[in-house]
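No lab work stands behind these numbers, since they all come straight from the coordinates. Please read all numbers here as calculations on a predicted model, not as lab measurements. For neighbour counting, all protein chains shown are included, and Cβ atoms are generated from backbone atoms with ideal geometry for every residue, glycine included.
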Amino acid sequence: MKHRVLLGCLGVLLLQNTYANNFFDKNQWSMSGNMTLASDYHWRGISMTNGDPAIQGGLQLKHQKGIYAGVWASSSDIDNGSSIEADFMFGYRHAVNQNNALTLQYIDINYPGHTDSIKTNFEEYSVSLDNSSLFRQNDLLKTSIAFSPEYYNHSGHMWRFDSKYSFPVNQDFGLIAAIGATKLEDHNAFLKVWGSDKKDHYYDWKFGLSSSLFNLYSELYYADNSTINPNVSSMDPRVVFSVTKVF
């Protein structure tokens, strides 16, 4: 409850700032969306579709002052009785300068139709920093920290750390790499989520190629993790291909 109170206070502060600057002016708002076809919904080192293809899409409403709200959904198959993941997010992005931006975000992750015996839905609060043009024009380093007060299946606190880097080779192609770490409360919490009590954390990484040909954004990458549970195939290393259209 206290986390939602903090979120509400943050929202009030952001809205007060935005109201003072023509909040209802339609010219201050913009809408964007995206659709993705992927060979696998791969997230934080895990296949969320049990190795099967996924269709995904999202919409975002954004104010010029940085406040935004959005929805995103994907097909999923993680043995919880649901075939869909539906996320709702709210945040604020502040441009520190031309090459750096700070983002605060709340996201509510849901699995409609999930099995009643499993608490699948959870919330995350995150802060991220974007640094662009570090080594080459339009390259991007994104680092973030996320926290969930009550993670998947009543497993308690969760911390997530991410670092992602994209390097444009030329106008149409680039290199991508990412590394992340997930830390749960203890070994018992890890057992509830991943079916193994041998650790309370894991690492994951990916590296590959990106393309912006034909007004589409595509990725082809290899992904792996630090052996979350060797008995579960959705946690095996894999190659993923995705194509995204932004509109």
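Considering only Tyr165, Asn22, Ile145, the residue lying farthest towards the positive end of the dipole of the chain is Asn22, judged by Cα position with unit charges set on Cβ. Other residues whose C-beta falls under 9 angstrom from the C-beta of Arg238 contribute a net charge of -3, scoring Lys and Arg +1 and Asp and Glu -1.
Amide H to amide H distances under 5 Å link Glu150 with Glu123, where only residues 5 or more positions off or on other chains count and H is placed in the peptide plane.
The 3J(HN,Hα) values that the Karplus relation (6.51, -1.76, 1.60; θ = phi - 60°) gives for the stretch 99-106 are, in residue order, 10, 9, 9, 10, 10, 10, 9, 10 Hz. Gly and Pro appear as x. Neighbours of Gly81 by Cβ distance under 14 Å: Lys/Arg scored +1, Asp/Glu scored -1, total -3. Taking amide H as placed 1.01 Å from N in the peptide plane, the amide H of Met48 sits under 5 Å from that of Tyr41, His42, Trp43, each at least 5 places away or on another chain. 3J(HN,Hα) along the stretch 24-32, derived from phi through the Karplus expression 6.51 cos²θ - 1.76 cosθ + 1.60 where θ = phi - 60°, amounts to 8, 5, 4, 6, 8, 10, 9, 10, 9 Hz, with x in place of Gly and Pro. Among the lysines of the stretch 2-246, pairs that are 8 or more positions apart or on different chains and have alpha carbons within less than 17 Å of each other number 9.
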